[in-house]
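Undergrad: I'd like to ask some things about the structure below.
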Amino acid sequence: MKKIQLLVLATSFSSFIFAQNYLSHSVFQSQAELKQIENLENFGLVPEPVSVDYTNYNINSTLRTTVLPAIFDLRTTGGITSVKNQGSCGSCWLFPSMGAVESRWKRLGYGDLDLSEDNLKHCHNYNYLPCAGGNRLMATAYFTRGKGPVLESQDPYSASSATGCPVGLMPTASITEAWFLPNKGITDIKQAIFNYGAVYNTFFWNSRYYNSSRRIYCQTRDTSASNNHAVLLVGWNDTITTPLGKGVWIVKNSWGSTWGDAGFFYISFHDKEAAQDPTIWVNRSNFNSKQIVHGYDDLGWTASMGGAKTCYGVVKFTASTNQILKQIATYAVSPNTTISAEIYSTFSGTTFSGLIGTVPAKTFQYAGYYTLDVASAINITSGSNFYIKYKVSNATSSYPLAVESKITGYSTNAVIETGKCWTSTNGTSWTTIGATSASKYDLSFKAISEASCDFLKSVSTPSLSNLCSGQTTTFTASSSVAGTTFQWQVSTDNGLSWVNVINGTKYSGATTSSLKVIGVTLSFDKYLYRCNVMSACNSIYSNISTLRVTSTPVVILHPVNTTVALNTAAILDVQVSNPSNCLYQWQINTSGTTWTNLVNNTNIAGATTNELYVNATSSYINKKYRCRLKSSCTSTYSYSNPALLSILTSSTASGSGTSKLSETTEPTINFEENIILYPNPANELININYSILNNTKVEITLYDMLGQIVVKLVNNELEAGEYTTDFNTSNLNNGTYLVIFTTSDEQGKQINVHKRLVVNH
């Protein structure tokens, strides 16, 4: 079979020249012939639509910094992954592509990663069916889209063509640099293997040139054959003799470990068609879910444009969200190419304005794909356009701009954009390229941004919901950030653990901004809910909301017997387990058996609240009081314990106050005034000052307004004296709390004093 010669055409339009390596339909059909050459071996190499000109390449590479040994084998250094078998599928190109990346990543310290050949086979988007072949340019385009490679475990290999391209898989990392080394550049290839890892390579295979006993392949005739197979170069041995001279490449094949030397063989340095298209994918960046890859060239480099050895391109991108522009990337179509760029906010088609950033010039020794850093990261606002004007120069090629084009039988799936790309030979006069222009091409150019992470600083807070059994409620969270996603969570153990809510009979909208809780039962009471609100770059939780489902109220703190001076204010209160939907009604017992509902008047306040204020006139002294309680959802009443309101004797009447006593007593100290909380409202630290006149036990307990104990601050036997207790409220939610001080007077009678504490951070 004769070597394929690619036709280079130069067509002039305006002042700009286009050059493309066109491939005829018959050439692509020739791949079917190649697969019939041998019955036992499978191939799968597709000719490339462009070629790299290394005619004037400087053989004294500045990258050659190491004295190379006569023998080097990555098998002995752990520098390669295991041999695989392509099976009855024209997919040879997949395995050295992934193998080279796996080897490079091992060298970088990422271990034995097994990457998916099948994902490349089904997701490359070119015209070729999964088992009809490919090449290194197709692999490079796939690697640099930001969607691959993925792990073998995510998309296992099959020789079948029918599995299809899976969606939603996360790439393991991003490829940021590829080197297309010179054909048969023995020293460059050796240096690459030694320093970076295994190298992708193509050659012409015919079994008549394979010595199965020595496992050496050496084409002894100059057939000018077209390469048909891709393999992986993993080392060399300068001492082995072949019919054409000393030296062989150590090669990893894709025909299984039972073929050759446990899946390996050797190719003579002097084979006329060996060491072609050598490629390494050098650098990577870890997968970043915040990364945004801008580009119109999913199929990569398929043609070249130019008209001069220095040419310019402009690419227009629009930010879909707030982001930080960090890098640009494009192809160097020939060695010793220099690339630089400027970024503008405005381009009219003729003039630029609003320079917002630059990319310093950098020269690349090899042809390939390269990523360049922006001099200083650039903030781009959502909805804004930005224009990247880049300059490409080289010493050899008059077609230095890589473009994506539609080539029949190869890249007709390319989507050519309109009004997004311009070219120039002088940097001042510009020609539009695109789907509606005379030249239907996209520039092979990318911009890499990272979504800004200051979007989500807060979200709306769902509020506490009070329900009756069987009712439905909705919690809502929101964010102003476009593309926000939601995941509601529930805790059934007071916040110790959280699980994602799943839609079902009791929930809907679990992954939307509004969660509906349907037909709640009493078992849902005190369930906690929050929403995980996620943007492209970060996530935050909403505040926690409590679901209260009403049942018959249970008294957790009863009113206590209280003694006050005549015509002074007395306070009686009650705390219940579920105050949210509780209906209160205070009652008075005037006859010993009959309870009468109180109504607010000049001497009564709070008759239908949890706190009753009584002006202790003669009509209300020495009477018992209780609170009748009912849920708004039920008809069943419950009652607090009764409390007696007594009057101080004349000898102590001057000490009026609102102290609450478990029994009728005559205190000699005003405990209400003797307990001070400051600051109140509290931000962080709260000081509780108090004094006692006799040796006694003192308890100070902090309750929330649901009657639950938050913390017991003091529970000790104390001597008479003054005391201060400090408490840090930083871990408390904002709101009102109850501090209850319990002690005894000189006669041993229990005294309870209630103080309100407001926490406001």
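Every read-out reported here was derived from the displayed coordinates using simple, explicitly stated rules and does not represent laboratory data. Because the structure is a prediction, the values reported are computed rather than measured. Note: ideal-geometry Cβ built from the backbone for every residue, glycine included; neighbour counts use all protein chains shown.
Undergrad: Between ILE175, VAL564, SER289, whose Cα lies farthest towards the positive end of the dipole of the chain when Lys and Arg beta carbons carry +1 and Asp and Glu beta carbons carry -1, centred on the Cα centre?
TA: ILE175
Undergrad: Cut-off is 10 Å between beta-carbons; in what order do ARG284, ARG530 appear when sorted fewest neighbours first?
TA: ARG284, ARG530
Undergrad: Please turn the phi angles of region 211-218 into ³J(HN,Hα) values with the Karplus equation 6.51 cos²θ - 1.76 cosθ + 1.60 (θ = phi - 60°), one per residue in order, whole Hz, x for glycine and proline.
TA: Computed from phi, the couplings for region 211-218 are 8, 5, 6, 8, 6, 10, 9, 8 Hz.
Undergrad: Right, another one. Roughly how many Å is it from the Cα centre of region 570-616 to that of region 238-264, as a whole number?
TA: Centre-to-centre distance over Cα atoms comes out at 98 Å.
Undergrad: What do you get for the angle between helix 94-107 and the principal long axis of the chain? Use alpha-carbon atoms, 0 to 90 degrees, nearest ten.
TA: Once rounded, the angle reads 60 degrees.
Undergrad: By counting other Cβ atoms within 10 Å of each Cβ, how are HIS294, HIS124, HIS270 ranked from fewest to most?
TA: Ascending number of Cβ neighbours within 10 Å: HIS270, HIS294, HIS124.
Undergrad: Between region 267-317 and region 425-453, how many Å separate their Cα centres?
TA: With region 267-317 and region 425-453 each reduced to a Cα centre, they are spaced 16 Å.
Undergrad: Among the lysines, which have Cα under 28 Å from the Cα of LYS755 when same-chain residues fewer than 8 positions away are ignored?
TA: LYS526, LYS623, LYS624, LYS630, LYS660, LYS697, LYS712
Undergrad: Sort the following peptides by mean Cβ neighbour count (other Cβ atoms within 10 Å, averaged over residues), highest first: 739-751, 684-696.
TA: Highest to lowest by the protection proxy: 739-751, 684-696.
Undergrad: Using the per-residue mean of other Cβ atoms lying within 10 Å as a proxy for protection, in what order, highest first, do the peptides 730-736, 250-256 fall?
TA: Working: 730-736: 11.4, 250-256: 23.1.
So the order, starting with the most tightly packed, is 250-256, 730-736.
Undergrad: Roughly how many debye, to the nearest 20, is the charge dipole of the chain about its Cα centre, given +1 on each Lys and Arg Cβ, -1 on each Asp and Glu Cβ, and no other charges? Display every interim value, and only then the final one.
TA: Working: 51 positive and 47 negative charges, 350 e Å.
The dipole magnitude comes to about 1680 debye.
Undergrad: Same structure again: Set the bar at 31 Å for Cα to Cα. Now go through LYS252/LYS440; LYS362/LYS440; LYS147/LYS252 and name every pair that lies beyond it.
TA: Violating the 31 Å Cα-Cα cut-off are LYS252/LYS440.
Undergrad: So, one more: Note the angle between two axes, namely the Cα long axis of helix 186-195 and the longest principal axis of the Cα atoms of the chain, as a number of degrees from 0 to 90, rounded to the nearest 10.
TA: Helix 186-195 and the main axis of the chain meet at about 20 degrees.
Undergrad: Given the -39500 (n - 2.57) contribution per DSSP H run of 4+ residues, what per-residue ellipticity at 222 nm results for the chain, rounded to the nearest 500 deg cm²/dmol?
TA: -2000 deg cm²/dmol
Undergrad: Sorting CYS92, CYS165 on the 10 Å Cβ count, fewest up front, what's the list?
TA: On the way: CYS92 25, CYS165 15.
Arranged by neighbour count, lowest to highest, CYS92, CYS165 become CYS165, CYS92.
Undergrad: Nearest-5 percent of antiparallel DSSP beta bridges in the chain?
TA: Here the antiparallel bridges make up roughly 95 percent for the chain.
Undergrad: Counting pairs of alpha carbon atoms under 8 Å apart in space and at least six apart in sequence, what relative contact order in percent does region 290-451 give?
TA: Relative CO of region 290-451 lands at 40 percent.
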